[in-house]
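Step one of this worksheet: look at the structure below.
The values are calculated or read from the model by the stated rules, or taken from the named source; none is laboratory data. Bear in mind the structure is a predicted one, so any value in this text is a computation, not a measurement. Cβ atoms come from the backbone with ideal geometry, glycine included; neighbour counts cover every protein chain shown.
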Amino acid sequence: MLWIELFKQAFDSLKANKLRSFLTMLGIVMGVFSVIAIMALGNATENYIASQFEKIGANTYNIYYKETSLSEDEWLTVKDIDLLVDNIPEIKNITTLVQGLGELRIGKDARTALINGVTSQYKNFTVLDFAAGRFISSFDDKAKAKVIVVDENFAKRYFNKTDIVGETVNLKVNRYNIKVKIIGVLKVEDNILSSMASDQIPAVVYMPVSTLQSLTGREMLDSIIFSLQPNVNKERVTKNITELLERSRRKEDLYYIQSVEDVQRLFSDVVGVITSVLLVIAVITLIVGGIGIINILLVSVTERIREIGIRKALGAQKSSIVMQFLLESIIMTSTAGIIGIILGVIAGNVLSSLVKIPPAVDVPAIIYSFAISVVLGLIFGVYPAKKAADLDPIEALRYE
């Protein structure tokens, strides 16, 4: 009965000052809201990054240059792909990536293009979902075919339809201006980049690496991409690959190999750091909200000095007075926590839908946030409760 009576008294006190109680809770609401929204968006981003890297495959590696200024004999070339295939049996698939900028002309329209020069093996390193047509074949690469693969945003923007296989467009690269045939149209994943106005970002196109190299006049590859057979010693094989490439140049320390797992870990670390910084700000908001609760409870103690004096004169113990003020504090913070959690979950889902990534509600974060709200109510309610309990009943009754 005592606990029920204490809860009733605490609720009655808060109801008597509804606006003040609500304004006091706002700091806690905003703090919990921020924690939940940040955690939800952070987890959703990490899950999205992980799903994108899963498409590439965890067993995928890239060979890069250690230095940017290289002599011609230090360049990676298509011949190095043959060298690796002939000497490293643990390699499962291998391709390359050469990137260049060009300009696509469709009638009177012009569009900057990011050209990815690849081989037919590139399809083994990513998920290519076609709306129409096909990808680059080994025959296209050998024949230096003037063909490209575009995405459906490009197709809809300039041809008002998805299936534009067989259409031709003009492509300008350096001093060359050639007609290229569209052989495939890739589906576009529904994300924030795809929802941007199509003219804001370059059109991404794929073409045979041999064709792009003939247009740029450059044999140098940007990187070599390969995957390994299962159950091989990855460290030993990657070391053998770099040694083989460097030995063929009779030089050392030219290349390094980075795994997709390393890149994914780097992205996750960056997201983690950003999330942590934002969480610190949210925690500061919670603390500020807690200080607001202390201030309001102290005001409440001052307003109720005579009431406290009467209760103590009638035999109320210190513990019951302490519990009443603590309950008022905990009720405010826990209610604010619940409101903040609900708003945070809604905001997290809204933000995820805006950036077009699947939402990820963090259940542990919800539990921790509510627990922290209750603990904050306990911590920040102690001082006002103790001050109320320590009042001298005679002095309290004299207070005007």
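Would you be able to tell me the number of residues in region 132-151 that are under 32 Å from the mean Cα position of the chain (by Cα) and either within 22 Å of Gly100 (Cβ to Cβ) or at pLDDT below 90 (or both)? Outline the logic, then answer.
Going through region 132-151, the residues under 32 Å from the mean Cα position of the chain (by Cα) turn out to be 132, 134-136, 148-151.
Next, only the ones that are either within 22 Å of Gly100 (Cβ to Cβ) or at pLDDT below 90 (or both) stay: 135-136, 148-151.
Adding up the residues that qualify gives 6.
Could you look through region 330-365, keep only residues that are within 15 Å of the chain's Cα centre (by Cα) and among the hydrophobic types (A, V, I, L, M, F, W, C), and pick out the one that is modelled with the lowest pLDDT? If you could, list the steps in order and put the result at the bottom.
Step one: filter region 330-365 for residues within 15 Å of the chain's Cα centre (by Cα), giving 348-362.
Now narrow it down to the ones that are among the hydrophobic types (A, V, I, L, M, F, W, C): 350-351, 354-355, 357, 360-361.
Working: Val350: 80, Leu351: 75, Leu354: 72, Val355: 67, Ile357: 72, Ala360: 70, Val361: 72.
Among those residues, the one meeting the criterion is Val355.
If you check Ser227 against the conditions, is it surrounded by fewer than 18 Cβ atoms within 10 Å (Cβ to Cβ) and either under 20 Å from the mean Cα position of the chain (by Cα) or not charged (D, E, K, R) (or both)?
Details: surrounded by fewer than 18 Cβ atoms within 10 Å (Cβ to Cβ): no; either under 20 Å from the mean Cα position of the chain (by Cα) or not charged (D, E, K, R) (or both): yes.
Spelling it out, it is not the case that Ser227 is surrounded by fewer than 18 Cβ atoms within 10 Å (Cβ to Cβ) and either under 20 Å from the mean Cα position of the chain (by Cα) or not charged (D, E, K, R) (or both).
Name every residue in region 144-175 that is touching a Gly at 6+ places or on another chain (Cβ under 9 Å), not β-branched (Val, Ile, Thr) and not in a loop (DSSP other than H, G, I, E, B), in order of residue number.
Tyr158, Leu171, Lys172
Restricting the search to region 228-276, which residues are within 17 Å of Leu83 (Cα to Cα), in a helix (DSSP H, G or I) and touching a helix residue (DSSP H, G or I) at 6+ places or on another chain (Cβ under 7 Å)?
Ile241, Leu244, Leu245, Ser248, Arg249
Search region 242-253 for residues that are assigned by TED's automatic domain parsing to the domain that holds Trp75 and modelled with pLDDT of 90 or more and pair each with any residue that is among the hydrophobic types (A, V, I, L, M, F, W, C) and in a helix (DSSP H, G or I) when their beta-carbon atoms are under 8 Å apart and the residues are at least 6 apart or on different chains.
Listed pairs, sorted by first residue: Leu244/Leu83; Leu244/Leu84; Leu245/Leu83; Leu245/Leu84.
If Glu103 meets every condition in (1) within 19 Å of Ile225 (Cβ to Cβ); (2) not in a loop (DSSP other than H, G, I, E, B) apart from one, which number is that one?
Among (1) within 19 Å of Ile225 (Cβ to Cβ); (2) not in a loop (DSSP other than H, G, I, E, B), the lone unmet condition for Glu103 is (1).
Please pick out the residue among Ala155, Ala131 that is in contact with a helix residue (DSSP H, G or I) (Cβ under 9 Å, 6 or more places away or on another chain) and free of Cβ contacts under 8 Å to residues at least 60 places away in the same chain.
Only one candidate passes the filter, namely Ala131.
Tell me, yes or no, whether region 256-264 has at least one residue that is among the aromatic types (Phe, Trp, Tyr), surrounded by 15 or more Cβ atoms within 10 Å (Cβ to Cβ) and within 30 Å of Gly102 (Cα to Cα).
Going through region 256-264, the residues among the aromatic types (Phe, Trp, Tyr) turn out to be 256.
Now restrict to residues that are surrounded by 15 or more Cβ atoms within 10 Å (Cβ to Cβ): none.
Within region 256-264 (the criterion being among the aromatic types (Phe, Trp, Tyr), surrounded by 15 or more Cβ atoms within 10 Å (Cβ to Cβ) and within 30 Å of Gly102 (Cα to Cα)), the answer is no, since none of the residues qualifies.
Just name the residue that is surrounded by the most Cβ atoms within 10 Å (Cβ to Cβ) out of those in region 28-52 that are under 22 Å from Arg265 (Cβ atoms) and among the β-branched types (Val, Ile, Thr).
Ile38
Kindly indicate whether Thr112 is in contact (Cβ under 8 Å) with a residue 60 or more places away in the chain and exposed (fewer than 13 other Cβ atoms within 10 Å of the Cβ). Spell out how you get there, then give the answer.
Values: in contact (Cβ under 8 Å) with a residue 60 or more places away in the chain: yes; exposed (fewer than 13 other Cβ atoms within 10 Å of the Cβ): yes.
Judged against the criteria, Thr112 is a match.
So, of the residues in region 35-60 that are of a type in the set (A, V, I, L, M, F, W, C) and at pLDDT below 70, which turns out to be nearest to Thr126 (Cα to Cα)?
Residue satisfying both the conditions and the ranking: Ile56.
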